[in-house]
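Below: the structure, in C-alpha cells.
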Amino acid sequence: MLQGLTSDDYQLVLPTILRRAETLYQNQEIVTRRPDKSFHRYTYVDFIARAKKFALALKDLGVEPGDRVGTLCSNHYQHLETYFGVPSGGAVVHTINPRLHEDDLAYIVNHAEDKVLLVDEALLSVYESFREEVNVEHVIVVSESGEDIPDGMLSYEDVLSGADEGDFSYPEIDEKQAAAMCYTSGTTGRPKGALYSHRALVLHAMMANMSNVFGFNDSDCILPIVPMFHVNAWGLPFSATLAGAKQMMPGAHLDPASILEDFEQEKVTFTAGVPTVFMGVLQTLDEEPEKHDLSAMRAIVIGGSAAPKSLIEAYKERHGVTVIHAWGMTEMSPIGTVANLKGELEQLPEEEQLEYRSKQGYPVPFIEIRAREDEGSLVPWNDEAMGELEVSGPWVSKAYYNAPEEDEEFTEDGWFKTGDIVSIDEQGYINIQDRDKDLVKSGGEWISSVQLENALMAHAAVAEAAVIAIPHEKWDERPLAVVVLKEGESATEDDLKSHLAGDFAKFWLPDAVEFIEEIPKTATGKFLKKELREQFEDYQFAQS
Ligand code: AMP
C-alpha cells in the first residue's frame, strides 16, 4: 500500500456531529410545542449539554455500550436529546411506534431487549397496556405537567439533574457500531428490526444536506412532521444538527392549524411528512389563502406513500411552495430516491417537469438501484418495463436484527429486495407501479392484510377472507375485507368487525366487508390478489 494516505481511521460517528454543533452553532435555536401548546425554546448549547447529561445518567443506570434504550415519544426536544445522548454514550436508541397494537409493542420491546424505556406522560397508558408483558429495568417519564411521576418510574428531569455534563467525555466508538434501531411491519410474522450503524446515519445525514437532495444549511428552520418513531424522522434531526439548522418540534400538535401557525411564526423553511398530513394542511390553506404566509418555506418533502400529482401541483400553483416527492424504507434509514428536477430537465415545459416531480425520484448519492422481472432478468431503464426494485448502499440493511431466518428479502449478492414494483425511466427516476407485499398503507402506517385474513378466517362462519387496499382520498389506502361465508352460515359486517376489534389496533379494522361467492385463486390454491384488486378496481367505501 502507498504511504501518506489521508486519515482512513477517522470514525464517522454521531458524536462528530455534536462536536461540530457545539463549536459552531451554539446559539442556534430549537423550539418545541409543549403539550399545553406553549413554546419551549433553547439553544444548541443547552441541547448538547442535556444530551451529554443523559448519556452520563444512562451509564449510572447501568446502561452499557450496545444496550438498547427504547422511546415512546412524540417529536420534542427531549426526544432529540435522546437521539444524540443515547448513541453518544455508545448505546442504541430504539424509537417505538405507539400506534401499534399492545401485542406488537410488547413483542418489539422484548425482541429488542430494551433495558430502559423513555415514555411521554401522555403515552403512559400505552405503556400500561403492555407493561405486564415486558421486563425493562427503568422507565423514565418525560413530563411537562409537573404532576407526580407514577411509583417505580423515574422523571426525565430528575435523571438529568443528577448528572454534570462536565464529567462527560466522548467515548471511543467504532463507526460500525449500532446507533439506532426501528421496527417495521412484517406481512405475516412479527415486526422486524432494522439496526442503523453510526456510519450509516452520518453518511445519510451528509447525503440529505447535498444540494441535489434537501440541501439544508444553518439558515434553515426544519420542522419534522414525520414522527421521530418513523425511521428517525427520515433522518432530519441528524441532518439538521449537522447543518446547524434551527429545529422546530411540533410535539403532539399535528392538526393543520397548529402546523401552519408553527410554519409562519418560526419561519419554517423545510418540513416533511406523509401525504395525508399535507392534504389536511392544503385544505386549510385553500380555505383561507390570504391568512397564511408560507413565503419562508423552501420545500415540503412528502413521502412514505405516493404523493398525488394533484397535491404537488396544488402547493406550487396555489401557494407557491415546492413539494419534493421522496421514497424510502425503514430498511434504508430511510431515504432512497428524491424527485428533485435534474438540471437538464429544467428546460422542459411545466407539465412535463411535473411528471418527473410526481415520480418517486432518482437515487440519492451512494444508493444504487436496479429492478428485476419475475423471470430474474434486470429490466431496462425505459419507463415501461416493470420489476421489483432492488437497492444497495451504505445505509441499506444487510439483514434484520436477530432474525437470520428472515433472509428472503436479500439477494445473493447482498442487495435488498424492496417489494415495490417499479419502472425506471431513462433519467433514472423510479415510478412505483404496484407493491409485491401484502400490506395496506394507511396514513403512513402499515396494516398487514395477511394477519387480518387469518383472524377473519378464524371466525366460525367464514370460509375464506382476503384483505385488499382500496385507494382512499384522505388515508391514501384503506383495507377492504372480501369474505366468503361457509355454506349455511351467516355473519354480518358488524359481526366480523367486532370479531376483529379486540386483537388489532383500531385503525387496522377494515372500512368495509364485502361478501362474495368465491375468491379467485391460482392453480395451487393461493389467493389471486391481483385479480381481486381488479375486481374491486372502482370500489368506493360507502362513507369515508
Ligand atoms: P416504511 O418502511 O414504513 O417507511 O415503508 C416503506 C414503503 O412505503 C416502501 O417500500 C413503499 O412501499 C412505501 N413508500 C414509501 N415512500 C413512498 C412513495 N413516495 N410513494 C409510494 N410508496 C412509498
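A straight chain from Asp494 to Ser38 at 0.36 nm per residue would run longer than the Cα-Cα distance by 159.9 nm. Using alpha-carbon positions, what is the distance between the centroids of segment 444-494 and segment 227-275, in Å? Segment 444-494 and segment 227-275 have Cα centres separated by 35 Å. Each residue of segment 168-185 is assigned a 3J(HN,Hα), and the resulting list reads 7, 10, 5, x, 6, 10, 7, 4, 8, 5, 6, 10, 8, 8, 7, 9, 10, 6 Hz, derived from the Karplus form 6.51 cos²θ - 1.76 cosθ + 1.60 (θ = phi - 60°), x at Gly and Pro.
Only lysines eight or more places from Lys530 in sequence, or on another chain, were considered; those with a Cα closer than 29 Å are Lys192, Lys309, Lys359, Lys417, Lys437, Lys441, Lys474, Lys486, Lys497, Lys506, Lys521. For Asp383 and Asp434, a Förster radius of 25 Å and the Cβ-Cβ distance give a FRET efficiency of 0.95, rounded to the nearest 0.05.
Selection among Ala306, His292, Gly336 by position relative to the dipole of segment 279-343 gives Gly336 as farthest towards the positive end (Cβ unit charges, Cα centre). For the chain, the relative contact order works out to 10 percent when only alpha carbon pairs closer than 8 Å and six or more residues apart are counted. Would you please give the FRET efficiency between Ser125 and Ile516, computed as 1/(1 + (r/R0)^6) with r the Cβ-Cβ distance and R0 = 45 Å, to the nearest 0.05? Computed FRET efficiency for Ser125 and Ile516 comes out at 0.70. Remark: spin-label model distance Asn212-Ser295 equals 3.3 nm, labels positioned 7 Å along the Cα→Cβ axis. The string of couplings for segment 346-359 from the Karplus curve (6.51, -1.76, 1.60, θ = phi - 60°) is 5, 7, 5, x, 3, 4, 6, 4, 4, 4, 5, 5, 7, 6 Hz, one whole number per residue in order, with x for Gly and Pro. Taking amide H as placed 1.01 Å from N in the peptide plane, the amide H of Thr71 sits under 5 Å from that of His94, Thr95, Ile96, Leu118, each at least 5 places away or on another chain. Around the amide H of Val213, modelled in the peptide plane, lies no amide H under 5 Å away from a residue 5 or more places distant or on another chain. Segment Lys474..Met457, full-extension length gain: 3.2 nm, with 0.36 nm per residue of separation and the alpha-carbon distance subtracted. Among the chymotrypsin sites (Phe, Trp or Tyr not before Pro) found in segment 1-57, those both in a DSSP coil and sparsely packed, with 11 or fewer other Cβ atoms within 10 Å of their Cβ, are Tyr10.
Only beta bridges with both residues in the chain are counted; by DSSP, about 55 percent of them are antiparallel. Please label the shape of segment 1-78 as rounded, prolate or oblate, based on the square roots a ≥ b ≥ c of the eigenvalues of the alpha-carbon gyration tensor (a/c under 1.5 means rounded; beyond that, a/b larger than b/c means prolate, else oblate). Taking the square roots of the gyration eigenvalues as a ≥ b ≥ c, segment 1-78 is oblate. Evaluating 6.51 cos²θ - 1.76 cosθ + 1.60 at θ = phi - 60° for every residue in segment 54-69, the Karplus couplings come out as 5, 4, 5, 4, 4, 4, 4, 7, x, 7, 10, x, x, 5, 9, 10 Hz, glycine and proline recorded as x. Size descriptors for the chain: radius of gyration and Dmax over Cα atoms are 23.6, 83 Å.
Based on DSSP H segments of at least four residues, each scored -39500 (n - 2.57), the chain has a per-residue ellipticity at 222 nm of -8500 deg cm²/dmol.
Values in this text are rule-based calculations from the coordinates and carry no lab data. What you are looking at is a predicted structure, and each value in this text was computed from that prediction instead of being measured. Cβ: placed from backbone, ideal geometry, glycine included. Neighbour counts: every protein chain shown.
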